[in-house]
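The values are calculated or read from the model by the stated rules, or taken from the named source; none is laboratory data. Predicted model only: the values in this text are computed from it and were never measured. Please note that ligands, DNA and RNA were not included when accessible areas were found on the heavy atoms of the full protein model with its side chains. Shrake-Rupley method; radii C 1.70, N 1.55, O 1.52, S 1.80 Å.
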Amino acid sequence: MNRRGPLFAILMSFTLLLSGCSSLTVLDPKGPAARTLSDTIIFSILMMVGILVVVYALYIFMLTKYRARKSNEGYEPPHEEGSKWLEILWTAIPIVIVAILSVVTVKTTVAVENVPAGYEDQKPLVIYASSSNWKWHFSYPEEGIETVNYVNIPTNRPIEFNLYSFGTISSFWIPQLHGQKYAMSDMITKLNMVAEESASMMGRNANFNGEGFAHMEFEALSMPPAEFEKWVKDVKETAPPLTEEEFNKLLDTAHVGRMSFSNHHLDFSPPPEEGHHHGGSSNEDHEEHQEHYPDPSTTEESELDSETNVNPNEPLPNSPAEESPAHEHDGH
């Protein structure tokens, strides 16, 4: 009874914790790509539950049937060499399970990479989503507007997000519309999705890339096409223009709220070409971009930063906090 007390307490703790969890957004899809991913997740969970049921049923059966009893004390089972068919069976079963999960995963991955079925003939709405210093910029080149930390999209129309970063690698993720995909500084990655319902959804950065990672959230609002056109018109008429100087200051600002602009930064700060360096094939543009917004560095420099030729015979410091005089420097 003493052993059951702690186990019962642990079980009740898990029950209370799980009862306070809200519904998982990945299992509440608002579009075909997210629905495909949700179905794959549920299928994988059901397969694993089925495997556990069979394993635990056999486990209980073996414990019950072959448990030690007073009636069979001193009993020695006969020596058996084994069963060839049983060996084949329990070798083949894991192979079949892995094969099924692999086929489903590959089919799902191919499906969500393409434009959702039924929307191939529609012209997609192209949005450039770029990350910088714990914020997201959304540029609408066709509409001629830009937003920060929120994105509005029309329903029942394919959306093509072109992703890149003004710094470290980020991961663009709207769980109710699609899976995550990385945004990098030297290339564009594409994400195709469709919102089939009007809803307010939370997007986030799914890649831990620094101290402001937890604040890189944004609202994705899907609305009927007529409302979307009206919103675009209101932004173009009421929002201030975005200048290059103001955009550079915005890149350097750590945290900002929601912002709207009547133009976009793509005119004076073009995105990287697909498969090329930022701003085109010229390394000068890429170096200028990195100089303006370099990758975050640690507050303490490595002891190899200031000296390229290190004496291999020099003794190491006794602890990480100790620095030898030869490695003292003022920084870069």
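Tabulated results
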read-out: Matching residues, the stretch 72-98, being open to solvent by 50 Å² or more (accessible area, probe 1.4 Å) and under 34 Å from the mean Cα position of the chain (by Cα); value: I93, P94, I95, V96, V98
read-out: Qualifying residue in the stretch 36-47 (condition: modelled with pLDDT of 95 or more and part of a loop (DSSP other than H, G, I, E, B)); value: no
read-out: Condition check for G144: at pLDDT below 95 and more than 19 Å from the chain's Cα centre (by Cα); value: no
read-out: Residues (open to solvent by 60 Å² or more (accessible area, probe 1.4 Å), farther than 24 Å from V26 by Cα and among the aliphatic types (A, V, I, L, M)) located in the stretch 36-61; value: V53, V54, V55, L58, I60
read-out: Residue in the stretch 16-25 that is closer than 30 Å to H178 by Cα, open to solvent by less than 80 Å² (accessible area, probe 1.4 Å) and at pLDDT 80 or above present; value: yes
read-out: Residue within the stretch 196-207 that is among the hydroxyl-bearing types (S, T, Y), over 17 Å from the mean Cα position of the chain (by Cα) and open to solvent by 50 Å² or more (accessible area, probe 1.4 Å) present; value: yes
read-out: Among (1) at pLDDT below 95; (2) among the aromatic types (F, W, Y); (3) not in a loop (DSSP other than H, G, I, E, B) - the single one F208 does not satisfy; value: (3)
